[in-house]
Amino acid sequence: MRSKYEKRVATFLTDCGVPYEYETIQLEYEEPLRKNKAKCGDCQGTNLYRSGWYTPDFILSNGTIIETKGRFTAADRRKMKNVIEQHPDEKIVMCFMRDNKLQRNSKTHYSDWCMQNGIDFAIGMPKQEWLQ
């Protein structure tokens, strides 16, 4: 486990008797390059994308993928939005340690961002409905 929060979630899942795997799959996704000054060598276009790999934290036996986050950076938000949009057949949900603001001066919290983007989430521990 990469963090104390992931360890707490793993303990919670174990205590609930929920079988899970940890970081056993990878999902490929694409995201547009930002502030891009590069051009395609063939067509000179500037709409370039990069491929990446997303490794989910917890994969439950029912197929639900739980991504745990203590800190949810702008890069994390871009990645998760792309992964979820590009893998509509996967049930990917977010579990946050706290419902922090996106930035210090922001009025938007992690939960607000998830609601705006149609992503199911929980604060603290996973929802019981995800475990069934």
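Descriptive notes on the structure:
- Residue within region 1-10 that is small (Gly, Ala, Ser), part of a loop (DSSP other than H, G, I, E, B), closer than 24 Å to GLU67 by Cα and within 21 Å of the chain's Cα centre (by Cα) present: yes
- Matching residues in region 105-132 - criterion: being closer than 12 Å to CYS95 by Cβ and among the hydrophobic types (A, V, I, L, M, F, W, C): CYS114, ILE119, PHE121, ALA122, ILE123, MET125, TRP130, LEU131
- Failed condition for ARG104, given (1) out of contact with any Ser or Thr (no Cβ under 7 Å at 6 or more places or on another chain); (2) touching a residue at least 40 places away in the same chain (Cβ under 8 Å): (2)
- In region 56-81, the residues that are more than 21 Å from LEU102 (Cβ to Cβ) form Cβ pairs under 6 Å with partners that are part of a strand (DSSP E or B) and open to solvent by 30 Å² or more (accessible area, probe 1.4 Å), at six or more places apart or across chains, as follows: PHE58/TYR20; ILE59/GLU21; LEU60/TYR20.
- Within region 9-25, the only residue that satisfies the criterion of being free of Cβ contacts under 8 Å to residues at least 24 places away in the same chain and surrounded by 12 or more Cβ atoms within 10 Å (Cβ to Cβ) is THR11.
- Inspection of region 48-57 identifies no residue that is among the basic types (Lys, Arg) and at pLDDT 95 or above.
- Of all the residues in region 46-88, those that are of a type in the set (Val, Ile, Thr) and out of contact with any strand residue (DSSP E or B) (no Cβ under 9 Å at 6 or more places or on another chain) number 2.
The values are calculated or read from the model by the stated rules, or taken from the named source; none is laboratory data. Only a predicted model underlies this, so the values are computations on that prediction, with no experimental measurement involved. Don't worry about glycine lacking a Cβ; one is built from the backbone with ideal geometry, like all the others, and counts go over all protein chains shown. Ligands, DNA and RNA are excluded from the accessible area calculation, which covers all protein heavy atoms including side chains. Shrake-Rupley method; radii C 1.70, N 1.55, O 1.52, S 1.80 Å.
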